[in-house]
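Visitor: Here it is: the structure, laid out below.
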Amino acid sequence: MEIETEQQQAVQTKCFHCGQDCEETHWLDEKVFCCYGCKTVYEILNANNLCEYYKLDDRAGISMRQAHDEDFAFLDESDIRKKLISFDSDTFAKITFTIPAIHCVSCIWLLENLKKIETGVIHSEVNFTRKIVTIDFNPQSVKLSRLAGVLKSIGYAPQITLESKEKKNPVLTNALIFKLALAGFCFGNVMLFSFPEYLGLDETDPLLIRIFSFLNLILATPVFFYSGFDYLRSAAASFKQKQINIDVPIAAGLIALFFRSAYDIIANTGPGYLDSFTGLVFFLLIGRWFQSKTYESLAFDRDFKSYFPLAVQRLDGDAWKPVIIYDLKPTDRIQIRNMEIIPTDSTLVDDYAFIDYSFVTGESKPVKAKQGDKIYAGGRLIGQPINLIVEKSTSQSHLTSLWNNPVFGKVNESKYKKIIDRAARRFTWIVLGVAAVTAVYWQLTDASQMWLVLTSVLMVACPCALALAAPFTYGNMLRVFGRNQFYLKNSDVIERLAAIDAVVFDKTGTVTHGDKPEVEFIGKLSDEEQAIVKKLTSASTHPLSTIIAASILKSSRESISEFKEIPGQGIQGTIHQKFIRIGSPSFVGVMPLSDPQGSIVFVSINHEVIGYYHIRTSLRKNIKGMINRLGNKIDALLSGDRDTDASLLRKMFSPFTFLFFNQSPHDKLDYVKNLQLNGRKVLMVGDGLNDSGALKQSDVGIAVTDHAGIFTPACDGILNGEKLGSLDKFMALAKSATQILKVAFVISFLYNGVALGFAVSGHLTPLVAAILMPLSSISVVGFSAVAVNFVANKKLK
């Protein structure tokens, strides 16, 4: 047995988990580990059926040899916990950890399967670029200290910092800059040492030429193993995953050029091509830096320029005034109404409140908060208005991420993403095949040029521009939409919007609005009763409630209790010991009026109907032209009201447009679903109050709003009410974006085809090929920016 163990040690000296040399050996399941920590991680993975981790990337683990048992108990202290956790409740909490050890696909796979290791984990998601993992967990099942300990036990110790999360971490950008600087320095010096060769002085002093060649090799070595290592690692990972990627031909070119040059220098058969090699890496990194900067620009505009101007009421002296949420400061007092989104972490002033955190957790069960409790950004108020004290400034990126919660996403996968992925994979194989044929040809024709031609082919054919076409075309269009007060969740919405062939409109608050409405109360209300009606309607964000509240000059300081709003029916609540109901005839318990003109809203106090508001709203400006331009593409108008405006609406819409009244929220959802079952791509346009289900069901759901505080996460876009008349233009722009994308694809393929022809024929050096790579990316990005802005200026005049 000892002989067998010694033989095993002699054969297998690499740790099965981390791949490092074993100074001491620990055996389990005929596998050797360098330390007890690596063995423990394997046992954890094996016990939870997670050993596929090793299949994705052999020896992908992090060495546990230097690991020490740290006490994470401090994370459970209340003050520290508050600083780290972005959301906290009895059964759901969310935290984001920085994990520097994330380095490959196996890391991602393992970290996103944490729930199989620790039962208290609900969901985990890795951002590979930022090296962070966001974990949703049940604090009743697992403590924060335990969570950090689990991460450390599997080799991914979190980096705990209590500094502001809003500060950007420049580590990744700095690493690219360091690699670029090193490559540039070495490239310049290699060219300097190669001057005798450039000037034809090779034979004047062979010893000096030999010294310069070895200096070039010394300079090129860190360029290969440090500056260009990301390409080598990416290519290696793609082979392990059995999926080819666009870094493979680049890595092949770098390996061929470096090792051929090293052989020539060491064997003294030539000076090599290290000037081309270092220049190649230098210009490749310039292209990568350009791409990262362009992505950062798009991300910045997305977070801080092109997002909807959410606003809330802030106490200014003795009066409440609307303010954009980005102007909120700690200690500000704000007021939130029923169904409004809480924009930033705050403290509850009122006795209690019911908060719907489905925007954050995906679960719609309201949570009761008490006075002094922390209310988290992204919650939505259910019930009577509340006052809050702001704890910290609003994080735009946090709200953006909430809106993109997968719970509110569509199942449709981006068609162009699939096309790009498929094309990039096939194109890469084609390039490798062409490179192999080219190498054979030049080896037979002119062996001295073979390595340069081979590298040029591998470099110039990289489909980087193809991969950039879609994100930058759609990204630029997102910015155009944002500047024109049309705010989309993400770029995939543009692709779906371009495919729409059926449009469905809501009526109240969408095609009609409350600009200078005629409001008349039929019945009798005392000053006190007017004041409490205003108080109750002010608590609702429904368009008719807003109109009624604005029409009453009296005010009340009494508080509301037992507030409730029933979608499509009305609102109710108790004020100063009076029970008030405001809404539809069936809601207050009376028969509807016969043939009224306009909207009718009944009022009952203590179960006695005392009258009704007669409201005549106008249609939005400029929507007649939009409706005419959309024509038969408009399938239906759905309204929860009675058919009092049927004649007016029939004149506006096409004879082929269906008009349906008395529609419940469920009726609207079913109508959209039936259209989709018949193969239609549906755009639902509503106010986001009584039609949130239909908005979520539709292929694209757009919420039209005149009040910046009203927002439903189920929608794909938010359109300022004043811009509804341009809806058809936005749809046309979405189609233009797909056409621009196709042209960008053609440009990318033409570039690759023409440049490949020059490279195969030997008319392109690797250095020129490396310069052309970022130029191709710049040309695609530049074309998409110019084309999108040109088309936008033309269509949105």
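The values are calculated or read from the model by the stated rules, or taken from the named source; none is laboratory data. None of these values were measured; they are calculated from a predicted model. For neighbour counting, all protein chains shown are included, and Cβ atoms are generated from backbone atoms with ideal geometry for every residue, glycine included. Surface accessibility is based on the protein's heavy atoms, side chains included, excluding ligands, DNA and RNA. Shrake-Rupley method; radii C 1.70, N 1.55, O 1.52, S 1.80 Å.
Visitor: Largest first, please: the extent of the C-alpha atoms of the range 470-572 along each principal axis, to the nearest Å.
Guide: Result, largest extent first: 61, 26, 25 Å.
Visitor: Here's another thing I want to ask about it. Between ASN678 and LEU553, how many nm apart are label points set 7 Å from Cα along the C-beta direction?
Guide: Placing both labels 7 Å beyond Cα along the Cβ direction yields 5.2 nm.
Visitor: Something else now. Long-range amide H contacts for GLY155: which residues qualify at under 5 Å (H placed 1.01 Å from N, peptide plane, sequence gap of 5 or more or a different chain)?
Guide: Distant-sequence amide H within range of GLY155: zero hits.
Visitor: What are the trypsin sites (Lys or Arg not before Pro) within the range 555-644 that DSSP puts in a loop, where the Cβ has at most 13 other Cβ atoms within 10 Å?
Guide: Listed in order of number, the matching sites are ARG557, LYS621.
Visitor: Sort 327-338, 176-187 by the packing proxy (mean of other Cβ within 10 Å over each peptide's residues), most packed first.
Guide: Packing proxy ranking, top to bottom: 176-187, 327-338.
Visitor: Sequence-distant or interchain residues sharing an amide H contact under 5 Å with ILE132, placed H: which?
Guide: Here ILE99, ASN127 satisfy the definition.
Visitor: List the residues, sorted by chain then number, that are 5 or more residues from ASP373 or on another chain and whose placed amide H is less than 5 Å from its amide H.
Guide: Those qualifying (amide H under 5 Å, at least 5 residues apart or on another chain) are LEU348.
Visitor: Once you have the alpha carbon radius of gyration of the range 73-160, what is it after dividing by 2.2 N^0.38 Å, with N set to its residue count?
Guide: Normalised Cα radius of gyration, the range 73-160: 0.99.
Visitor: Just need the relative contact order of the range 514-619 here, percent rounded to a whole number, with Cα pairs under 8 Å and 6+ apart.
Guide: Relative CO of the range 514-619 lands at 29 percent.
Visitor: For ALA319 and MET591, compute 0.36 nm times the residue count separating them, minus their Cα-Cα distance, and round to one decimal in nm.
Guide: Full extension from ALA319 to MET591 adds 93.9 nm.
Visitor: So if R0 is 45 Å, what FRET efficiency would LYS735 and ARG233 give, r being the distance between their Cβ atoms, rounded to the nearest 0.05?
Guide: Efficiency for this residue pair is about 0.65.
Visitor: OK, next. Accessible area per residue of the range 73-160 at 1.4 Å probe, in Å²?
Guide: Here the residues of the range 73-160 average 43 Å² of exposed surface.
Visitor: Any idea what diffusion coefficient the range 514-619 gets from Stokes-Einstein, in µm²/s, Kirkwood Rh on alpha carbon pairs, 25 °C, 0.890 mPa s?
Guide: The calculation lands on 179 µm²/s.
Visitor: Also: Please report the net charge: other residues with Cβ closer than 10 Å to the Cβ of GLY686, K and R +1, D and E -1.
Guide: Around GLY686, the surrounding residues sum to -1.
Visitor: If you don't mind, another one. Let's test the formula: R0 of 25 Å, r as the Cβ-Cβ distance of ILE211 and ALA175. What FRET efficiency results, to the nearest 0.05?
Guide: My answer for the efficiency is 0.15.
Visitor: Residue by residue, what Karplus-based ³J(HN,Hα) values in Hz, rounded to whole numbers, does the range 740-757 have, using 6.51, -1.76 and 1.60 with θ = phi - 60° and x for Gly and Pro?
Guide: After applying 6.51 cos²θ - 1.76 cosθ + 1.60, I find 4, 4, 4, 5, 4, 4, 4, 4, 4, 5, 4, 4, 4, x, 5, 5, 5, x Hz.
Visitor: Net charge near ILE341: determine it from the other residues with C-beta under 12 Å of the C-beta of ILE341, scoring Lys and Arg +1 and Asp and Glu -1.
Guide: Around ILE341, the surrounding residues sum to 0.
Visitor: Roughly how many debye, to the nearest 20, is the charge dipole of the range 73-160 about its Cα centre, given +1 on each Lys and Arg Cβ, -1 on each Asp and Glu Cβ, and no other charges?
Guide: In debye, rounded to 20, the range 73-160 gives about 200.
Visitor: As an exercise, identify the trypsin sites (Lys or Arg not before Pro) in the range 490-542 lying in DSSP coil whose Cβ has no more than 10 other Cβ atoms within 10 Å.
Guide: Listed in order of number, the matching sites are LYS524.
Visitor: Can you compute 3J(HN,Hα) from phi for each residue in the range 222-233, using the Karplus curve 6.51 cos²θ - 1.76 cosθ + 1.60 with θ = phi - 60°, rounded to whole Hz and x for Gly and Pro?
Guide: Using θ = phi - 60°, the values come out as x, 5, 5, 8, 10, 5, x, 5, 4, 5, 5, 5 Hz.
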